[in-house]
Amino acid sequence: MGIDIGKNSFHVVGHIVHNEGSDNLISYRQHGDRRGRQHGGGRPYLTKTVCGSALHLLRPAAIAPALRRRHMVGSTPETCKMLALATQVARASPSAIEQAKSILAAGGLVAFPTETVYGLGADASNDSAVAKLYAAKERPHFNPLIAHVADLAAARRLAQFDVEALKLAEAFWPGPLTLVLPKLRGCPVGQLATSGLDTIAVRVPNHPVARDILAAFGKPVVAPSANRSGQVSPTSAEHVQADLAGRIDFIVDGGASPVGLESTILASIGHTALLRPGAIPRATVEHFLGHAVAATADDAAGGERRPVAPGMLVSHYAPCATLRMNAVTVAPGEALLAFGPTLPQSAGNARMILNLSGRGDLVEAAANLFNYLRELDGAGVDSIAVMPVPGEGLGEAINDRLQHAAAPRAQTARPSRTS
Ligand code: TXA
Ligand code: MG
């Protein structure tokens with residue numbers, strides 16, 4: 001069977017490689033890259049296998065963005081070895097949770113849903129598992145990871161909480177809040193995971209699958225968003241497959257991540273500072289604390305200190321297409337990422353239109369954001385016109401992600417944002 005994606009034709013061949021009596025279990029393997037380099041010769045193709053009688057093909061829309069990426073398949077021995085992995089996918093179930101636990105314990109990589117986005121998990125105390133994770137994501141080692149734990153008691157074994165940090169944790173956990181705190185002496189999370197910093201980012205997610213995995217594993221799990229570094233964050237198992245199939249061991253499919261935006265990151269070290277706008281609006285935090293929070297640790301320190309969120313200075317979430325922000329017109333052939341009930345007059349020029357929220361609801365827009373960016377990018381347009389999105393509430397985080405996606409790619413003066 002062949003799938004035509006632009007100039008390239010990719011073969012999709014299905015066969016059963018693994019069956020543990022579950023018809024949810026899927027494995028598939030990627031071979032070769034879009035330029036035709038092939039590990040083992042022949043034309044590039046994707047193989048997807050499904051246990052059970054039905055053969056499911058990867059949707060071309062899901063394959064296209066992955067294949068159009070610049071680093072579809074690296075040529076390093078490390079990457080070739082990773083591509084030898086058959087990535088299994090299972091719907092969330094008690095046996096999938098057990099399997100996730102065993103793979104994590106053996107130093108493997110497991111993608112799982114959280115309420116914000118899908119995370120790529122590894123045992124935080126196992127440096128070689130963490131190194132594999134960085135390699136699978138092609139993530140620069142200097143960008144530290146968030147340690148995910150099951151509850152506040154587990155978090156307090158990793159980090160030092162002052163009074164305000166404790167108040168925040170008690171109010172917002174489990175939930176989409178990450179706290180950057182002083183790392184405790186004897187913290188089991190390795191130096192590689194925290195990039196040698198003396199602080200650690202900790203989060204207690206509020207998603208039943210993530211919670212079950214963390215409770216079963218019983219140890220901290222580092223979990224960056226389960227995308228290739230610099231790409232749009234994944235909000236479904238299918239997104240994870242498009243980015244990481246062949247590079248990781250297991251994907252637990254728990255459906256779409258309900259929030260669709262990453263957690264809000266607050267540094268709580270003496271004072272509270274916002275390091276990354278996210279799923280909890282800044283106003284909610286400020287209302288709760290009864291005072292304003294500085295936008296970055298830099299602001300809080302009068303601009304004299306280096307910011308403590310290395311992944312935040314920079315640009316990322318980059319689709320292949322260029323994003324044209326605050327668009328009030330649409331040029332012929334552009335895609336339109338709309339917001340609200342009123343489209344631009346020239347919307348008819350658009351090759352494809354997706355509306356983040358026809359009723360102008362920022363919560364709905366957040367949940368759709370990464371999914372729609374991927375879909376429009378998959379349509380193969382050169383430019384995506386993005387209508388203005390208001391900046392209040394979740395709009396701050398939505399605009400942050402859009403601006404990073406719109407930033408020029410080949411930045412050399414500043415490091416690129418790689419979370
Ligand atoms: O919602 C989320 O937070 C998702 C889900 C999977 O939990 N995770 C996530 O992780 O977004 P990641 O790795 O894509 O983004 C983590 C961010 C990066 O910008 C990193 O620089 C920052 O957290 N970070 C991690 N540890 C830090 C530390 N000790 N100090 C400052 N920033 C830190
Ligand atoms: Mg990320």
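Each residue in 396, 98 was given a count of other beta-carbon atoms within 10 angstrom of its own, and listing them fewest first yields 98, 396. Distances between placed amide hydrogens fall under 5 Å for residue 109 paired with 249, 250, all partners being 5 or more residues away or on another chain.
Relative to one another, the C-alpha centroids of region 355-411 and region 97-119 are positioned 28 Å apart. Phi angles of region 95-100 translate, via the Karplus equation with coefficients 6.51, -1.76, 1.60 and θ = phi - 60°, into HN-Hα couplings of 6, 5, 5, 4, 5, 4 Hz per residue; Gly and Pro are given as x.
Sorted by mean Cβ packing within 10 Å, highest first, what order do the peptides 128-136, 341-349 take?
On the way: 128-136: 21.0, 341-349: 13.4.
Going by the mean number of other Cβ atoms within 10 Å, highest first, we get 128-136, 341-349.
As a proxy for reagent exposure, ranking 286, 164, 392 by other Cβ atoms within 10 Å from fewest up yields 392, 286, 164. Its Kirkwood hydrodynamic radius, worked out from the mean inverse distance over all distinct Cα pairs, puts region 322-406 at 12.4 Å. Extension gain for residue 284 to residue 363 (0.36 nm times residue separation, less C-alpha to C-alpha distance): 27.0 nm.
If the Kirkwood radius is taken over C-alpha pairs of region 150-212, then at 37 °C and 0.692 mPa s the Stokes-Einstein diffusion coefficient equals 273 µm²/s.
Taking amide H as placed 1.01 Å from N in the peptide plane, the amide H of residue 178 sits under 5 Å from that of 264, 265, 266, each at least 5 places away or on another chain. Computed from backbone phi, the HN-Hα couplings of region 268-277 come to 10, 10, x, 9, 9, 10, 8, 9, 8, x Hz, rounded to whole numbers (Karplus: 6.51 cos²θ - 1.76 cosθ + 1.60, θ = phi - 60°; Gly and Pro given as x).
FYI, it's all coordinate maths here, none of it is from the lab. Everything numeric here is computed off the predicted structure, so don't read it as measured data. Methodologically, a virtual Cβ is constructed for each residue, glycine included, from the backbone with ideal geometry; neighbour enumeration extends over all protein chains shown.
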